[in-house]
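Accompanying notes for the structure given below.
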Amino acid sequence: MAHQIIALIAEYGLLLVFFNVLVEQAGVPVPAVPTMIVAGALSANGKLPLAGVVLVAVLACLLSDLLWYWAGRRFGSGVMRTICRISLSPDSCVKQSELRFQRWRGRVLLIAKFVPGLSTVAPPLVGAMGLRTGTFVLLDGLGSLLWAGVAIGLGYAFAAQIDDLLAAMASAGTVAFELVLVLLALYIAAKWWQRRRLLIALRMARITVEELNQSIADGQTPVVVDVRSQAARLLDTRIIPGALLADLDQVAQALQDIPPDRELVIYCSCPNEVSAAKAAKLLMAIGYRNVRPLLGGLDAWDTAGYMVERLAADPADGSLRMTA
């Protein structure tokens, strides 16, 4: 099997590199870097055109990334939630991307492909944030060229060693191919177990949107806290009326003037209310006695038909404020 794969790369190298990069950038967990490294080694031996390998890799990146970018422009936060649900690390994929976007803005595209999980999330994120198409194509093209160039360049530079490795894989027959499949299965299993442990650690009582709405209607005035990041609020400007805005890392400071016996309801827009549950655990650890995440988060509140307000960007500093 390994010998057949190597033969396929030699015979259909450009086409294989194109489709492998295309599906990986679309979000399918089929690594393209090994294929590009092998293609780079074959280029060093004159079996594939080096410029052609780089060109098809970059074109595949741009095609896939443009589709995600346009999806982000068209569907905004909806496409981000879809990516998060299908990700192997759905509780952190968008959160980490938002943090990097806050620091790098559109330039995050220059490094996105080197960061696991960020490669698929970055194009729709910058699209939803309103990055201009021309700027996107320039930055994404440069980032794609850098990423593909590194992988193909490694194959080209270490062609002799890779030839030895390929020969060993061909001699091993199906054993090498089966080993790769086992390692991929172990990786997916490890990610699943990591996620399961996180969800177990964050088990606690939730409050439903109906209970929260009734509590507000009864005049109990719970303190509602939005723990999404600043970038998440730029992407999705909805908030529950009267909510206190506090990033997850600063929620304790934001609530320092709130008495520990007040009822707190924490919400986010992440799968399984993970950020809200983390904030609730933190607040309970420092003495707050009545803290619950909102089941289903902001989406559940809006879907139920309850009132939402909108934030608006302040043109003076880019911060968010309530609309009138």
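The values are calculated or read from the model by the stated rules, or taken from the named source; none is laboratory data. Since we're looking at a predicted model, the values are computed, not measured. Note that each Cβ is placed from the backbone with ideal geometry, even for glycine, and that neighbours are counted across all protein chains shown.
Results, tabulated for the structure shown:
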item	result
Checklist (1) touching a residue at least 24 places away in the same chain (Cβ under 8 Å); (2) under 25 Å from residue 129 (Cα atoms); (3) out of contact with any helix residue (DSSP H, G or I) (no Cβ under 6 Å at 6 or more places or on another chain) applied to residue 249, failing item	(1)
The stretch 32-45 residues that are in contact (Cβ under 8 Å) with a residue 12 or more places away in the chain, paired with ones that are outside any helix (DSSP H, G or I) (beta carbon under 8 Å, 6 or more apart)	39/48; 41/158; 42/48; 43/49
Qualifying residue in the stretch 78-87 (condition: surrounded by 18 or more Cβ atoms within 10 Å (Cβ to Cβ), at pLDDT 80 or above and in a loop (DSSP other than H, G, I, E, B))	no
The stretch 296-310 residues that are closer than 15 Å to residue 214 by Cβ, paired with ones that are surrounded by 15 or more Cβ atoms within 10 Å (Cβ to Cβ) (beta carbon under 6 Å, 6 or more apart)	300/209; 301/209; 301/240; 304/209; 306/213
Only listed residue being crowded, with 17+ Cβ neighbours inside 10 Å, assigned to a helix (DSSP H, G or I) and of a type outside the set (Phe, Trp, Tyr), chosen from 311, 298, 264	298
Number of positions in the stretch 211-245 that are surrounded by fewer than 21 Cβ atoms within 10 Å (Cβ to Cβ), among the β-branched types (Val, Ile, Thr) and in a loop (DSSP other than H, G, I, E, B)	2
